[in-house]
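Below: one structure, written as structure tokens.
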């Protein structure tokens, strides 16, 4: 089988290399003319869930929502900065009670006005347990969430008690805790407004979603394609700079890549790993490789007493220093990952809380110091570190083996670290979230919104929803509470960074690397960029 | 004849039940929870997982799930996908037309090219053209379909530029020719070999000598006397082959980005969409059973000595 795989890759490589010279100059296969009416054809994956805003938690559905909807806030595609879109203002005096005022003049593409009620109803729908919306937890900070969406049992209320419509263009939101940066979270697609048609004829809406964004959906063939066209009467100031986008589903990203190089596709937003070696030759500067809001880490079981000791803390720090991040990101990931030196992501920017090197020497490869720390801590608990990962998707085996090699080299012991494959992602996640794993496991975090808070609180706060290792630290919790209550954004960010420094001392998870988003495009289109969520900014793309 | 068909149709029922039950149990036995996996790395409340499972009927014991599934199936309801919440019947009916078209193309190619090559080689056994056919079919049989697929794609689409590498959103018949040839090549090799052997054997039979001695034209000798007797093993093979073709070709559909049944099953298996996998397999079982019945009935047409009671 191994031989066969190589043949396949070789065939691909040859095909692609020749395509670059033979067909690279083609004028693209997209329909329509050029200029402002030109249509961009782009690769797509079948969305995992129905295209409801509060039910879409992955990039493929996210692409569509980003084109069809606009919310209160929009993150600047380049800097990730949160800017008012439909919101005229979001004010608070106490960081807990917010008043949201909307701009006048926004409508859905079916003509319905966007009002305060469009938002409040949509949020209530998203939070309600009976609607089974996967992003329901986005509304967890709003008062009354525990009633409409209890952790177990059934709901005791229909709507969030913290949301109140004041007039057509104003509503108020009361949170369960102080959270000064809350308005900055509202740019995520779960918070967009919904038209009445969404509730009145849900099936019809799902087969052709109607929103308030720069594009409208022209046709949608589930499982194979979607045609989006520019909405000429779009009231916002970020009108589409092309005539529309045709999304085409590919089962295999190698296939999409071959369509791109043969000129039948304009944009591929996930360059397959097997093509990374050829991408420079094929696309030149038409290849994008920019940081995404994703960090990969190694997590530890603090529900296991052996790992919840001061000695184990030293061992974790030692392990962190035993991993040669630079070598692994270069050789295994072909630079599509960047070695991590804090617990956030470069997409936050310096103002948003990203601080390169915050982790310091604890995240820097140092063979001698690593061995010393691990030995001081009494060696790896149980004598061997097992790193669990799911074997079905994402080719995690390669890097887990490399991390183990790196640790084994430091320890001078071939058995110090081993990979522990779990057959399927579903099984792996089930074991992680129910505290069944005994050793370390691969963990990843894709941000929900570009805020330092999102990289810390849901993961490391005591009993936070994604704190799967059940780590708990009073000092850290206090600093997070303090940061959330801070009304000045810069001060809040610094306080969050202070909390992050607790992570350096305690090393509850070992940061590995930041993941990049990649894309390649044809010479027919220009101005292609990925936003902080690794979704191409379609409305900005121009067609030659 | 009528009784024979009725008996065969009745036999289908236990085969049908057994195969769906097996697939159902296998999907159930896979570790992990597809509902939980939908949330990715995020945390989901137990209440929400429970609510989703209840709405899909996944919270019931496996035997009840199977009975419910069968009950719904007889009313034409194939169930619902877990992730997209679309009816499985709708998903399958969208994927099937393209697979059927591809299968028909591939089947016609297999029959026409395979039988012709087999006759040409079989009429002159051990000649150069016979050896040539053996060599060619050996290559086709031993080459994995993805190698052939990528090679054809590379030469036809990238080197010669006479076709697009992948099919478009609504594939035209022309675009399907290349995938169909790749898909058909393996069966083509088998059909050619079967025909060749059968023809080479029958050409020495007594009835052939009689036919030639009667002074019948060569066309009639080969076309009727020889072919009719030589085709029985080929028809048997073609019968199972059309079942396989209708089942979709995961590899070929993947290479050319065809959104047919093959890629549907592949995706469904990856996402552990039990209802979709069982639905497609159910349909395939029916197709297989019907095909094999048709093949058996065809025997009687080809060879009047075969009677069914």
**Report entry** Given (1) within 16 Å of residue B:96 (Cα to Cα); (2) in a helix (DSSP H, G or I); (3) in contact (Cβ under 8 Å) with a residue 40 or more places away in the chain, index of the condition residue B:186 fails
**Finding:** (1)
**Report entry** Among (1) more than 25 Å from the chain's Cα centre (by Cα); (2) surrounded by fewer than 21 Cβ atoms within 10 Å (Cβ to Cβ); (3) touching a residue at least 12 places away in the same chain (Cβ under 8 Å) - the single one residue B:136 does not satisfy
**Finding:** (1)
Report task. State yes or no: is residue A:499 touching a helix residue (DSSP H, G or I) at 6+ places or on another chain (Cβ under 6 Å), in contact (Cβ under 8 Å) with a residue 24 or more places away in the chain and either within 14 Å of another protein chain (Cβ to nearest Cβ) or part of a helix (DSSP H, G or I) (or both)? Result -> yes
Report task. Please find, within region B:1-39, the residue that is farthest from the other protein chains (Cβ to nearest Cβ) out of those that are under 30 Å from residue A:155 (Cβ atoms) and surrounded by 16 or more Cβ atoms within 10 Å (Cβ to Cβ). Result -> B:35
**Report entry** Meets criteria (more than 14 Å from chain B (Cβ to nearest Cβ), over 30 Å from residue A:484 (Cβ atoms) and either at pLDDT below 95 or within 26 Å of the chain's Cα centre (by Cα) (or both)) for residue A:209
**Finding:** no
Query raised in the report: Any idea which of A:490, A:483, A:464 is surrounded by fewer than 22 Cβ atoms within 10 Å (Cβ to Cβ) and in a helix (DSSP H, G or I)?
Result: A:490
Query - Residue check for residue A:256: touching a residue at least 12 places away in the same chain (Cβ under 8 Å), surrounded by 23 or more Cβ atoms within 10 Å (Cβ to Cβ), within 26 Å of the chain's Cα centre (by Cα) and in a helix (DSSP H, G or I) - result: yes
Requested in this report: Return yes when residue B:126 is more than 12 Å from chain A (Cβ to nearest Cβ) and part of a loop (DSSP other than H, G, I, E, B) and no when it is not.
Outcome: yes
Query - Count - residues of region B:143-183 that are in a helix (DSSP H, G or I), at the interface with chain A (Cβ under 10 Å from one of its Cβ atoms) and free of Cβ contacts under 8 Å to residues at least 24 places away in the same chain - result: 7
Report task. Working carefully through the options A:381, A:421, find the one that is under 29 Å from the mean Cα position of the chain (by Cα) and surrounded by fewer than 23 Cβ atoms within 10 Å (Cβ to Cβ). Result -> A:421
Query raised in the report: Residue check, residue A:195 against (1) away from every other protein chain (no Cβ under 12 Å); (2) over 27 Å from residue B:260 (Cβ atoms); (3) surrounded by fewer than 22 Cβ atoms within 10 Å (Cβ to Cβ), all met but one. Which one?
Result: (3)
Report summary line: When residue A:261 is run through (1) buried (at least 23 other Cβ atoms within 10 Å of the Cβ); (2) more than 25 Å from residue B:266 (Cβ to Cβ); (3) within 14 Å of chain B (Cβ to nearest Cβ), the failure sits at (2)
Requested in this report: Considering only region A:309-332, state which residues are surrounded by fewer than 19 Cβ atoms within 10 Å (Cβ to Cβ) and in a loop (DSSP other than H, G, I, E, B).
Outcome: A:309, A:332
Requested in this report: Mind listing whichever residues of region A:373-399 are assigned to a loop (DSSP other than H, G, I, E, B), in contact with a strand residue (DSSP E or B) (Cβ under 9 Å, 6 or more places away or on another chain) and away from every other protein chain (no Cβ under 14 Å)?
Outcome: A:380, A:384
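Please give the helices (runs of 4 or more DSSP H) falling wholly within region B:1-79 in which 1 or more residues are more than 30 Å from residue A:461 (Cα to Cα).
B:2-29, B:46-56, B:62-74
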**Report entry** Residue ID - modelled with the highest pLDDT, chosen from residues in region A:226-253 that are assigned to a loop (DSSP other than H, G, I, E, B) and within 12 Å of chain B (Cβ to nearest Cβ)
**Finding:** A:250
Query raised in the report: Could you list, in sequence order, the residues of region A:25-52 that are under 15 Å from residue A:230 (Cα atoms), within 11 Å of chain B (Cβ to nearest Cβ) and modelled with pLDDT of 85 or more?
Result: A:41
Query raised in the report: Just for region A:407-427: of the residues that are farther than 19 Å from residue A:315 by Cβ and assigned to a helix (DSSP H, G or I), which one is farthest from the other protein chains (Cβ to nearest Cβ)?
Result: A:425
Report task. Could you tell me which residue of region B:254-270 is surrounded by the fewest Cβ atoms within 10 Å (Cβ to Cβ), considering only residues that are more than 17 Å from residue B:82 (Cα to Cα) and more than 8 Å from chain A (Cβ to nearest Cβ)? Result -> B:262
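The values are calculated or read from the model by the stated rules, or taken from the named source; none is laboratory data. Just so you know, these numbers come straight off a predicted model, no measurement behind them. A quick note on method: Cβ atoms are made from the backbone with ideal geometry, for glycine too, and the neighbour counts reach across all protein chains shown.
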